[in-house]
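Trainee: Here it is, the structure, as structure tokens.
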């Protein structure tokens, strides 16, 4: 063999040896990628430019109820962790597939050359090419499978579960804000009542017991207000966490809009119940349970039928709740309309000096309580409609 021939043979062996190492690593990767957790995914290369941040629904630092789904998708730690795990897994597959395709092309070129020259390594190159082709196809199938509706269902369930929790927190936040406003006015009323009781005692028109009673009412009102404010701070912190924002007061929580009652006219109980049965994860899991013996199949069919009956009853219950909350809202609106006239009369009397401060505060307190009742009725209807809609999408427990 000539020096040039030996050199060519040495280069070929070096290249072939390197390819075999890469081949072994790639094929092993095809096996391991299916079982490794997302934390084992390939990290981004050093020096790669950071992606420019996309506009966020919270760029204005105001969280609105209608933005919750997007805010959860953008910032919720649980949702982001699930998405990162999914994205990292796909990225790992794609990188490995690209590397396999690159080496498959190189081996194919060598195989063509070996075939034309009737070289002895043709057989080993052909086997190597088949392995690379098979591994590349397997990665392609895994990537395609991960992007199907079935494979992304878990991501959607996680995200929607977080949205449901965030909605409940935002409704609680709104309810507590209403309570805080009402109790603040109640504390102001009892503080004024205490001042009047002390003045009357000095004039001999009230006893020490009257003053002590007024003091206790004030302390009770302040304690209740403090409890509401403590709960409000906790709910605010949890809500901020749900959308990935710091609980430092920088995020404002917008008031909830009035419930859109047109959603009720769009509800079709029979059709929605059918959808709910098809979407409920508990029923899906039961339907996908493998059949065993005939007895086991009979039990399974009975369990599914019982589950569907439960879902039908649950949907009826949720629908009835929507109608009941809507009726309660109409009652609260009528009560407030009546109270509005009484409040206007109290305002006129107070301005004309015909009503003292204590009596006026009592009228104002009554007005605030009626307003709070209306706000609570609106929140209850919004929550009932959300519960119904989520049940249609499969998010309701049958246990």
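The values are calculated or read from the model by the stated rules, or taken from the named source; none is laboratory data. Here the structure is a predicted model, which means the values were calculated and not measured. Every residue, glycine as well, gets a Cβ built from its backbone with ideal geometry; the counts of neighbours run over all protein chains shown.
Trainee: Looking at residue 211 and the list (1) farther than 30 Å from residue 236 by Cα; (2) touching a strand residue (DSSP E or B) at 6+ places or on another chain (Cβ under 9 Å), which single condition is not satisfied?
Mentor: The one condition residue 211 does not meet is (2).
Trainee: So is residue 348 without any contact (Cβ under 8 Å) to a residue 40 or more places away in the chain, surrounded by fewer than 13 Cβ atoms within 10 Å (Cβ to Cβ) and not in a helix (DSSP H, G or I) or not?
Mentor: no
Trainee: Working carefully through the options 286, 308, 317, find the one that is at pLDDT below 85 and either surrounded by fewer than 18 Cβ atoms within 10 Å (Cβ to Cβ) or over 25 Å from residue 179 (Cα atoms) (or both).
Mentor: 286
Yes/no per residue for (1) modelled with pLDDT of 75 or more; (2) surrounded by 15 or more Cβ atoms within 10 Å (Cβ to Cβ); (3) in the same structural domain as residue 240 (by TED's automatic domain parsing):
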residue: 80; (1), (2), (3): yes, yes, no
residue: 89; (1), (2), (3): no, yes, no
residue: 110; (1), (2), (3): yes, yes, no
residue: 115; (1), (2), (3): yes, no, no
residue: 132; (1), (2), (3): no, yes, no
residue: 135; (1), (2), (3): no, yes, no
residue: 140; (1), (2), (3): no, yes, no
residue: 161; (1), (2), (3): yes, yes, yes
residue: 176; (1), (2), (3): yes, yes, yes
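Trainee: Surrounded by fewer than 16 Cβ atoms within 10 Å (Cβ to Cβ) and assigned by TED's automatic domain parsing to the domain that holds residue 176: which single residue out of 265, 250 fits that description?
Mentor: None of the others qualify; the one that does is 250.
Trainee: Right, another one. Suppose the filter is at pLDDT 95 or above, crowded, with 17+ Cβ neighbours inside 10 Å, out of contact with any strand residue (DSSP E or B) (no Cβ under 7 Å at 6 or more places or on another chain) and not assigned by TED's automatic domain parsing to the domain that holds residue 194; does residue 326 pass it?
Mentor: yes
Trainee: Now a separate question. Exactly one of these conditions fails for residue 355: (1) assigned to a helix (DSSP H, G or I); (2) surrounded by 15 or more Cβ atoms within 10 Å (Cβ to Cβ). Give me its number.
Mentor: Failed condition: (1).
Trainee: Please enumerate the residues belonging to segment 237-256 that are touching a residue at least 24 places away in the same chain (Cβ under 8 Å) and more than 16 Å from residue 181 (Cα to Cα).
Mentor: Within segment 237-256, 238, 239, 241, 242, 243, 244, 245, 250, 251, 252 qualify.
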